[in-house]
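Participant: Let me begin by handing over the structure; questions about it come next.
Every number here is computed from the coordinates shown, using simple stated rules; none is lab data. Small disclaimer: the values here were computed from a predicted structure and weren't measured. Here the Cβ positions follow ideal geometry from the backbone for every residue, glycine too, while neighbour counts run over all protein chains shown.
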Amino acid sequence: MFNVGGTFHAIENECTHEGGPLGQGLLRGDRVLCPWHGAEFDVTTGAVLSPPADYAVETFRVVVEGGEVCVELA
């Protein structure tokens, strides 16, 4: 889960290149950099922004209710 300018976004934690932990990656604006090989993803859409990943990551709906942050899983 990422907080971008006060808005929460949730994406799959596994990089589509070789499974790196995106939650441990560096967040720059709305982009997260995979700590293993540097693939970059848009945390708002899941889109791949730079290789070596070829495929987007799944995104999840986030709802803030009564001060609690909830992630809706499929």
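Participant: If we count every other residue with Cβ under 10 angstrom of GLU58's Cβ, Lys/Arg +1 and Asp/Glu -1, where does the sum land? Walk me through the numbers on the way to the answer.
Facilitator: Numbers: positive: none; negative: GLU12, GLU14.
Residues near GLU58 contribute -2 overall.
Participant: While we're looking at this one, here's another question. Hey, got the Cα dimensions of the range 25-74 along the principal axes, in Å, largest first?
Facilitator: 39, 22, 16
Participant: How large is the dipole of the chain about the Cα centre if only Lys and Arg carry +1 and Asp and Glu carry -1, each at its Cβ, rounded to the nearest 20 debye? Working shown, then result.
Facilitator: On the way: 3 positive and 11 negative charges, 46 e Å.
It works out to roughly 220 debye.
Participant: Using label points projected 7 Å from each Cα along Cα→Cβ, tell me how many nm separate TRP36 and VAL4, to one decimal.
Facilitator: 2.3 nm
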